[in-house]
Amino acid sequence: MNQLTLSTSSILADGSRRLSQSSPSPHTYLDNRVIKSQRGTKRTRSQRARERLQTKQHLVGLARGLHEGELADKLERCHSRLSVLTCGRHIARIIPNFTCEFRLCPDCGRRRSRKLQNKYLPAMRGFMLHHKVTPVHLVLTQTHRKENRKQSAKRIKDSLTRLQRRGFWKEYFKGGTWSLEFTKDKNGLHHTHLHIIGFRRKFFDIELLRGEWLAATGDSHVIHLKKIEDIAAGLREVVKYVSKPLDIRRFGAADLKEFLGLKNMRMFGTFGEFRDFCKDFEPSDTDADGSDLESFSRDLVEGCACPQCDEPLFDLRMSGRELPQFYEQAESSPPGKVGTKWN
Ligand SMILES: [Zn+2]
Ligand SMILES: [Zn+2]
């Protein structure tokens with residue numbers, strides 16, 4: 001606990017300072033999470049594609065075990081056949097045969113998080129420019145109790161509502177986004193976190209916010225705060241929890257069952273003046289500065305030049321299971337060499 005307090009204040013005092021390494025504590029998770037994201041360790045696309053396949057197979061198995069045949073079928077069909085627009089080395093666009101839209105599906109989660117980024121990034125940039133606010137990433141946690149996921153999520157969201165009604169919050173934050181992340185500890189207790197991108201009007205001492213969160217929750221004061229230097233990266237990090245709300249590979253049948261009961265729970269939202277800003281915000285052409293990859297690649301067809309290397313694009317049909325291997329070969333091949341094997 002002390003380490004967390006220390007490390008949290010040292011970020012605030014000096015954004016460039018490193019977090020102190022912590023020995024195991026109940027909050028090591030939080031420290032690790034921040035350290036990990038700062039290190040920016042990246043897996044290759046083939047590794048990520050392989051993980052998505054494994055996650056999906058795991059989910060299908062769980063769904064079958066719960067006699068959720070329809071869900072299992074949908075998951076299996078989702079992204080099972082792909083039309084891949086490629087130069088042989090880079091992938092410009094992937095069109096799946098079918099998307100299941102299940103909230104835990106890693107393929108659909110990826111699409112969803114891209115959509116959120118495309119929707120909110122221009123609005124965030126516009127908001128920051130217009131209001132001269134500084135974005136911060138805030139992690140709010142709560143004490144662990146014996147409760148189910150739904151109760152845990154409701155408790156932390158209610159606390160956020162209370163926090164937002166307080167004078168402090170209104171004075172220092174102009175709005176932002178929130179998203180929920182779920183984890184479980186070794187004892188099976190739910191850790192629910194709120195990740196917030198808050199648009200800060202002016203600097204404040206983190207201890208003040210800690211006190212406010214304690215007042216809103218009644219018993220929790222563990223928070224984390226860091227300044228966001230790059231809003232695109234900050235948003236990407238936060239929407240990650242929307243696409244991957246929990247560690248599914250450690251998921252059991254009971255977890256899936258519980259999750260299915262959460263059907264309509266919101267995992268992401270906007271608040272404050274940013275919420276109203278988003279309603280009226282129309283991105284101008286200059287806002288689409290290449291970060292909106294989705295709409296950019298939507299216009300690409302066979303014969304167009306690859307945006308990354310100018311080689312002509314062609315259409316490859318493959319099964320979803322072949323994608324990791326395709327990435328693997330593409331990652332290590334010179335231009336134009338991979339596609340021939342796959343035709
Ligand atoms: Zn899906
Ligand atoms: Zn290329």
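The values are calculated or read from the model by the stated rules, or taken from the named source; none is laboratory data. From a predicted model like this one, the values you see are computed outputs, not experimental measurements. In this analysis, Cβ positions are derived from the backbone assuming ideal geometry, glycine residues included, and neighbour counts consider all displayed protein chains. In case anyone asks, the SASA skips ligands and DNA or RNA and just uses the protein heavy atoms, side chains included. Shrake-Rupley method; radii C 1.70, N 1.55, O 1.52, S 1.80 Å.
Just one of the listed residues (ASP315, ASP310) is assigned to a strand (DSSP E or B), of a type outside the set (Gly, Ala, Ser), at pLDDT 80 or above and away from ligand 1 (no atom under 16 Å from the Cβ), namely ASP315. Taking the listed residues ARG110, ARG114, ARG125, ARG52, the one that is touching a helix residue (DSSP H, G or I) at 6+ places or on another chain (Cβ under 7 Å), assigned to a helix (DSSP H, G or I), within 16 Å of ligand 1 (Cβ to nearest atom) and over 21 Å from LEU256 (Cα atoms) is ARG114, with no other qualifying.
Just one of the listed residues (CYS100, CYS105, CYS87) is more than 24 Å from ALA232 (Cβ to Cβ), in contact (Cβ under 8 Å) with a residue 40 or more places away in the chain and within 12 Å of ligand 1 (Cβ to nearest atom), and it is CYS105.
Kindly evaluate ARG43 against the criterion of being assigned to a helix (DSSP H, G or I), open to solvent by 50 Å² or more (accessible area, probe 1.4 Å), over 22 Å from GLU311 (Cα atoms) and among the charged types (D, E, K, R). Steps first, please.
Working: assigned to a helix (DSSP H, G or I): no; open to solvent by 50 Å² or more (accessible area, probe 1.4 Å): yes; over 22 Å from GLU311 (Cα atoms): yes; among the charged types (D, E, K, R): yes.
Against the criterion (assigned to a helix (DSSP H, G or I), open to solvent by 50 Å² or more (accessible area, probe 1.4 Å), over 22 Å from GLU311 (Cα atoms) and among the charged types (D, E, K, R)), ARG43 does not qualify.
For region 92-103, the tally of residues that are surrounded by 18 or more Cβ atoms within 10 Å (Cβ to Cβ) and either within 16 Å of ligand 2 (Cβ to nearest atom) or at pLDDT below 90 (or both) stands at 3.
Only one entry of LYS170, LYS186 meets the criterion of being over 30 Å from PHE251 (Cβ atoms) and either hydroxyl-bearing (Ser, Thr, Tyr) or without any contact (Cβ under 8 Å) to a residue 40 or more places away in the chain (or both), and that entry is LYS170. If you filter region 75-86 down to residues that are surrounded by 18 or more Cβ atoms within 10 Å (Cβ to Cβ) and part of a loop (DSSP other than H, G, I, E, B), you find that the one that is farthest from ligand 2 (Cβ to nearest atom) is CYS78.
With a requirement of 1 or more residues that are of a type in the set (Lys, Arg) and open to solvent by 40 Å² or more (accessible area, probe 1.4 Å), the strands (runs of 3 or more DSSP E) lying completely within region 171-279 that satisfy it span 173-184, 223-227. The listed residues are PHE251, PHE203, and the only one of them that is at pLDDT below 95, among the aromatic types (Phe, Trp, Tyr) and farther than 29 Å from GLY61 by Cα turns out to be PHE203.
The residue list THR143, THR161 contains one member that is open to solvent by 40 Å² or more (accessible area, probe 1.4 Å), modelled with pLDDT of 90 or more, more than 21 Å from GLY109 (Cα to Cα) and outside any helix (DSSP H, G or I), which is THR143. The lone criterion from (1) more than 13 Å from the chain's Cα centre (by Cα); (2) part of a helix (DSSP H, G or I); (3) within 16 Å of ligand 1 (Cβ to nearest atom) left unmet by LYS150 is number (3). Could you tell me whether ARG89 is modelled with pLDDT under 90 and crowded, with 20+ Cβ neighbours inside 10 Å? Spelling it out, ARG89 is indeed modelled with pLDDT under 90 and crowded, with 20+ Cβ neighbours inside 10 Å.
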